[in-house]
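Just below is one structure, and these are the notes that go with it.
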Amino acid sequence: RVTFFVRGHKVKTVTKAQNGRWTLTVRTSSLRRGANAVTARVEFTKASQTKTRTLRITITRCAAQVVQPQFTG
């Protein structure tokens, strides 16, 4: 089971992989400008005796560039 967190808020829990991958689609418009931490907490079955893993990635959203007005007068 994989639980995804964006900026510390739980977003989605996935229990089955699709095509062998555990994915989360993030709408960038919902992210603030600057760095956004995305964390995936991977929990394994008890039989595997593997500890829970925490995977981290940072998504950076850039602010729109301000266009300087051109004086035409």
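The values are calculated or read from the model by the stated rules, or taken from the named source; none is laboratory data. Note that this is a predicted model, so its numbers are computed, not measured. Cβ: placed from backbone, ideal geometry, glycine included. Neighbour counts: every protein chain shown. Accessible surface is based on the protein model in full, side chains and every heavy atom, while ligands, DNA and RNA are left aside. Shrake-Rupley method; radii C 1.70, N 1.55, O 1.52, S 1.80 Å.
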I'd like the accessible area for ARG7, computed on protein heavy atoms only with a 1.4 Å probe and all protein chains in place. Round to 10 Å², please.
110
Provide the convex hull volume over Cα atoms per residue for the range 23-73, in Å³.
84
In debye to the nearest 20, how big a dipole does the range 1-50 give about its Cα centre with +1 on each Lys and Arg Cβ and -1 on each Asp and Glu Cβ?
160
Keeping every protein chain present and rolling a 1.4 Å probe, give me the accessible area per residue for the chain in Å².
89
If you roll a 1.4 Å probe over the chain with all protein chains in place, what percent of the accessible area is carbon or sulfur?
50
Under 22 Å Cα-Cα from LYS46, which lysines qualify once same-chain neighbours fewer than 8 residues away are excluded?
LYS12, LYS16
Counting only protein heavy atoms and leaving out ligands, DNA and RNA, the solvent-accessible surface of THR25 at a 1.4 Å probe, in Å² to the nearest 10, equals 130
